[in-house]
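To start, I am sharing the structure in question, which I have written as structure tokens.
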Amino acid sequence: MVILLVNKKLLENKKQIQKAKNILKSMSSIKVLHIYDIDYIEQLEKINFKNSGYYSSLKIPDSKISYDTDEFIIYRWIIDCMKLKNKELVYFLCNNIWTKIQIIDVESAVKELWNYNNESKGFIIFNEKLHKLLEVGSDSRDENNYLYDEFIICQ
């Protein structure tokens, strides 16, 4: 019984990683440098995100923009909030799989990252240089605006 559960979990993890690979393959404005396995992700989240405030629903957003705003203005807002640049290295949470990517074309990358999930707009990245987790997108804290949040991650 235990072996079946372990095999099922391994199969689920492989499916999740393959889905992330397929999503990343469709993005032409980024270069994928590394895809991390599930064990690494669980360890990273336990250590680094525990005290960041990331899991708090009481956090006041660092910035917000109306759902009615033109998409190109939203992309510019994201670039400005996250201070993203061409050739920058960041970690992107894709289908719950952390990946290390290099941004090749920042305008196109933001558009692809913003729209990568068919269910909702938004994405999460970790900027190692700034020691910050950056999140943008729809959020239940505000039904009329996209929200941007920064979380300092102690290492």
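We did not get these values from a lab; they are worked out from the coordinates using the rules stated. All values derive from a computational prediction rather than experimental measurement. Cβ: placed from backbone, ideal geometry, glycine included. Neighbour counts: every protein chain shown.
Which aspartates and glutamates have a Cα lying under 13 Å from the Cα of Lys85, excluding residues fewer than 8 positions away in the same chain?
Straight-distance partners of Lys85: Asp105, Glu107.
Continuing with the same structure: At 7 Å along the Cα-to-beta-carbon direction for both Ser140 and His34, put a label point, then send me their distance in nm to one decimal.
My value for the distance between the label points is 3.4 nm.
Need one number: nm distance between label points at Asn117 and Thr69, each 7 Å from Cα along Cα→Cβ, rounded to one decimal.
For Asn117 paired with Thr69, the spin-label model returns 1.9 nm.
A follow-up question, please. Exposure proxy check: Met27, Met82 ranked by fewest other beta carbons within 10 Å?
Met27, Met82
Sorting Ser140, Ser108 on the 10 Å Cβ count, fewest up front, what's the list?
Lowest to highest Cβ neighbour count: Ser140, Ser108.
OK, next. Which pairs in the list Lys15/Lys129; Lys21/Lys64; Lys59/Lys132; Lys14/Lys121 are over 20 Å apart, alpha-carbon to alpha-carbon?
Beyond 20 Å: Lys15/Lys129; Lys21/Lys64; Lys14/Lys121.
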